[in-house]
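Chemist: This is the structure I have questions about; it appears just below.
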Amino acid sequence: MPERRTVALVTLGCARNEVDSEELAGRLAADGWELVEDASDADVAVVNTCGFVEAAKKDSVDALLEANDLKDHGRTQAVVAVGCMAERYGKELADALPEADGVLGFDDYADISTRLQTILNGGSVEAHTPRDRRKLLPLSPVERQQAAAEVALPGHGTVETPQNVPSDLPDGVAPASGPRAPLRRRLDTSPVASVKLASGCDRRCSFCAIPSFRGSFVSRRPSDVLGETRWLAEQGVKEVMLVSENNTSYGKDLGDIRLLETLLPELAAVDGIERVRVSYLQPAEMRPGLIDVLTSTEKVVPYFDLSFQHSAPDVLRAMRRFGDTDRFLDLLETIRSKAPTAGARSNFIVGFPGETEADFAELERFVTHARLDAIGVFGYSDEDGTEAAGYEHKLDQELVDERLAHLSRLAEELTSQRAEERLGETLEVLIESVDSVEEDGGVIGRAAHQAPETDGQVIVTADAEGLRELVPGRMVRAKVVDTEGVDLVAECLFEEAGR
């Protein structure tokens, strides 16, 4: 009988990392590893790191150190770093953090089982040398699809279907249906799951290092996205969220920049799927046809996660981006003319090099008039290898912090006001959690304008009998009766749901 091998995956960062972790979980489960939730119960703790900004990198290091502490009083024998920070820094991270028994890059994912077994047996796996992954593929998007088969793309699979995959895969593991379709094992029972639409990015924003370690933009084939969505529906998933570094570019390397408009109705038609959500949209790439599909297709929610970053023209140009306050407001007006209750969110960077008082005031003007449902605000900081790190006219950190605090307070006030505008609305709410039933007489769900973890939630109330019927995965209609900051309180309308 084979020896029991246990592994836990600790995931930090964005929804794209969550998909990558489930691919790793699928590969490991297919090779006989037993997946456990608690790192203290695992022979190997695999930390899927985030390397986006300084705060995220610190969280990743803290998670690795915390996992390393388990070696003294848990089952854990080895701690391994994977993910963006491991890919971005490689040997540098391994040298700086000897507590990690291995630092594995994306090229190691296809053989993750062998790598972990080597480390568990006391051997060593050389940390990779980071490289600019944009240079691994042709410059022309239309030439990439064939070449991409030779490049590791987390969430896509690799050149070949993983070797030594048994024909009778363990329960809950998605089969690799083709050379670009990964094995996948769900790591939770949530009725919501992300599906990777593409990887990498061709934009060259001066503040962002992601393209250098995630590579150039590569779309997954529609058949792979559909196949994975069907499998997720069989696992009980009710909502899929399409993720990538830039969903508005989907299909350009497949010869059809409008491919997303075609794919969305097909995903919405998958049996068992109640809601399809698209994240990570670039304002400069929004087109009328995509807005029409997002605002008029049944089961595709009118949700717009728009990456504005700023609205002052001079700052946007320094960021290597496009647009201005009035153009962005016009875009939002166009969306709301087609779907008045559409959800909209964005992130903003304050204190960018050269940002003047007038620029900051322009950003305030935009945020004040945009009526966004959720707003993320970040203070600028230099990122290794980015163009902006070499810019002159850096702002004093005290001023950056001051502007960050000011805009954060304004954002909190404005998003609370936006929530209050929804009083009286009737929402379609997907129930996600019943943990709070006994505490406040309600269960937790999300409406169409709320993405997982980032945009607030809906507390659905009902009588005692009704609460027992509100199980995770159920979609109900509910009327908004109160707000708690960005969160909504809504009464379940059982009579309309056919109770």
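Chemist: Take ARG180 and decide whether it is at pLDDT 65 or above and either part of a loop (DSSP other than H, G, I, E, B) or open to solvent by 60 Å² or more (accessible area, probe 1.4 Å) (or both).
Modeler: No.
Chemist: Can you find, within the range 44-74, the residue that is surrounded by the fewest Cβ atoms within 10 Å (Cβ to Cβ) among those that are part of a loop (DSSP other than H, G, I, E, B) and either in contact with a helix residue (DSSP H, G or I) (Cβ under 6 Å, 6 or more places away or on another chain) or among the small types (Gly, Ala, Ser) (or both)?
Modeler: Only one residue tops the list, namely GLY74.
Chemist: Is there a residue being at pLDDT 90 or above and among the charged types (D, E, K, R) anywhere in the range 44-58?
Modeler: Within the range 44-58 (the criterion being at pLDDT 90 or above and among the charged types (D, E, K, R)), the answer is no, since none of the residues qualifies.
Chemist: Filter the range 463-483 down to residues that are under 30 Å from LEU414 (Cβ atoms) and in contact (Cβ under 8 Å) with a residue 60 or more places away in the chain and give me whichever is surrounded by the most Cβ atoms within 10 Å (Cβ to Cβ).
Modeler: Residue satisfying both the conditions and the ranking: THR483.
Chemist: If I go through the range 241-275 residue by residue, how many of them are assigned to a loop (DSSP other than H, G, I, E, B) and among the aliphatic types (A, V, I, L, M)?
Modeler: We begin by selecting, within the range 241-275, every residue assigned to a loop (DSSP other than H, G, I, E, B); these are 244-246, 250-251, 255-258, 269-274.
With the extra rule that they be among the aliphatic types (A, V, I, L, M), the set shrinks to 257, 269-270, 273.
Of the residues in the range 241-275, 4 are assigned to a loop (DSSP other than H, G, I, E, B) and among the aliphatic types (A, V, I, L, M).
Chemist: I need the full set of residues from the range 9-36 which are without any contact (Cβ under 8 Å) to a residue 60 or more places away in the chain and either of a type in the set (D, E, K, R) or in contact with a helix residue (DSSP H, G or I) (Cβ under 7 Å, 6 or more places away or on another chain) (or both), in order please.
Modeler: Residues satisfying the conditions are VAL10, GLU34.
Chemist: If we keep just the residues of the range 309-321 that are more than 11 Å from PHE352 (Cα to Cα) and either part of a helix (DSSP H, G or I) or modelled with pLDDT under 95 (or both), which is least open to solvent (accessible area, probe 1.4 Å)?
Modeler: PRO313
Chemist: Continuing with this model, one more query. Would you check if there is a residue in the range 340-354 being among the hydroxyl-bearing types (Ser, Thr, Tyr), in a strand (DSSP E or B) and closer than 29 Å to ILE210 by Cα?
Modeler: yes
Chemist: Let me ask something else about it. Could you check how many residues of the range 206-220 are out of contact with any Phe, Trp or Tyr (no Cβ under 7 Å at 6 or more places or on another chain) and open to solvent by less than 20 Å² (accessible area, probe 1.4 Å)?
Modeler: Number satisfying all stated conditions: 10.
Chemist: Condition first: surrounded by fewer than 20 Cβ atoms within 10 Å (Cβ to Cβ) and in a strand (DSSP E or B). Now tell me which residues in the range 11-34 satisfy that.
Modeler: GLU34
Chemist: Continuing with the same structure: Being modelled with pLDDT under 85, over 21 Å from ASP253 (Cβ atoms), of a type outside the set (Asp, Glu) and surrounded by 20 or more Cβ atoms within 10 Å (Cβ to Cβ) narrows it down to one residue among VAL173, VAL165; which is it?
Modeler: Residue meeting the stated conditions: VAL173.
Chemist: Hey, among the residues in the range 87-138 that are without any contact (Cβ under 8 Å) to a residue 24 or more places away in the chain and among the β-branched types (Val, Ile, Thr), which one's most open to solvent (accessible area, probe 1.4 Å)?
Modeler: THR114
Chemist: I need the full set of residues from the range 232-255 which are more than 22 Å from LEU430 (Cβ to Cβ) and more than 17 Å from the chain's Cα centre (by Cα), in order please.
Modeler: GLY251, LYS252, ASP253, LEU254, GLY255
Chemist: Being at pLDDT below 90, open to solvent by 30 Å² or more (accessible area, probe 1.4 Å), more than 22 Å from ASP43 (Cα to Cα) and out of contact with any helix residue (DSSP H, G or I) (no Cβ under 7 Å at 6 or more places or on another chain) is the requirement here; does VAL142 meet it?
Modeler: For VAL142, the condition - at pLDDT below 90, open to solvent by 30 Å² or more (accessible area, probe 1.4 Å), more than 22 Å from ASP43 (Cα to Cα) and out of contact with any helix residue (DSSP H, G or I) (no Cβ under 7 Å at 6 or more places or on another chain) - is not met.
Chemist: Tell me yes or no: at least one residue of the range 328-348 is basic (Lys, Arg), surrounded by fewer than 18 Cβ atoms within 10 Å (Cβ to Cβ) and more than 25 Å from ARG287 (Cβ to Cβ).
Modeler: The initial filter retains those residues of the range 328-348 that are basic (Lys, Arg), namely 336, 338, 345.
Next, from what is left, pick out any that are surrounded by fewer than 18 Cβ atoms within 10 Å (Cβ to Cβ): 336, 338.
Now narrow it down to the ones that are more than 25 Å from ARG287 (Cβ to Cβ): none.
No, because not a single residue in the range 328-348 is basic (Lys, Arg), surrounded by fewer than 18 Cβ atoms within 10 Å (Cβ to Cβ) and more than 25 Å from ARG287 (Cβ to Cβ).
Chemist: For GLU420, only one of the following conditions fails: (1) touching a Ser or Thr at 6+ places or on another chain (Cβ under 9 Å); (2) at pLDDT 95 or above; (3) closer than 15 Å to GLU484 by Cα; (4) outside any helix (DSSP H, G or I). What is its number?
Modeler: That leaves (4) as the condition not met.
Chemist: Just one of the numbered conditions (1) over 23 Å from the mean Cα position of the chain (by Cα); (2) basic (Lys, Arg); (3) assigned to a loop (DSSP other than H, G, I, E, B) is not true of ARG365; which one?
Modeler: Tallying (1) over 23 Å from the mean Cα position of the chain (by Cα); (2) basic (Lys, Arg); (3) assigned to a loop (DSSP other than H, G, I, E, B), ARG365 fails exactly one: (3).
Chemist: So, of the residues in the range 195-205 that are out of contact with any Leu (no Cβ under 9 Å at 6 or more places or on another chain) and among the basic types (Lys, Arg), which turns out to be surrounded by the most Cβ atoms within 10 Å (Cβ to Cβ)?
Modeler: ARG203
Chemist: Looking at the structure I just gave you, is THR325 surrounded by fewer than 16 Cβ atoms within 10 Å (Cβ to Cβ) and either within 25 Å of SER416 (Cβ to Cβ) or of a type in the set (Phe, Trp, Tyr) (or both)? Talk me through it step by step, then tell me what you get.
Modeler: Details: surrounded by fewer than 16 Cβ atoms within 10 Å (Cβ to Cβ): no; either within 25 Å of SER416 (Cβ to Cβ) or of a type in the set (Phe, Trp, Tyr) (or both): yes.
Spelling it out, it is not the case that THR325 is surrounded by fewer than 16 Cβ atoms within 10 Å (Cβ to Cβ) and either within 25 Å of SER416 (Cβ to Cβ) or of a type in the set (Phe, Trp, Tyr) (or both).
Okay, residues lined up against (1) open to solvent by 30 Å² or more (accessible area, probe 1.4 Å); (2) under 25 Å from VAL300 (Cα atoms):
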| site | (1), (2) |
| --- | --- |
| GLU355 | no, no |
| ASP382 | yes, no |
| GLU392 | yes, no |
| LEU399 | yes, no |
| ALA405 | yes, no |
| VAL443 | no, yes |
| ALA447 | no, yes |
| GLN457 | yes, yes |
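The values are calculated or read from the model by the stated rules, or taken from the named source; none is laboratory data. Note that this is a predicted model, so its numbers are computed, not measured. Don't worry about glycine lacking a Cβ; one is built from the backbone with ideal geometry, like all the others, and counts go over all protein chains shown. When the accessible area is computed, the model is the full protein with side chains, heavy atoms only, and any ligands, DNA or RNA have been set aside. Shrake-Rupley method; radii C 1.70, N 1.55, O 1.52, S 1.80 Å.
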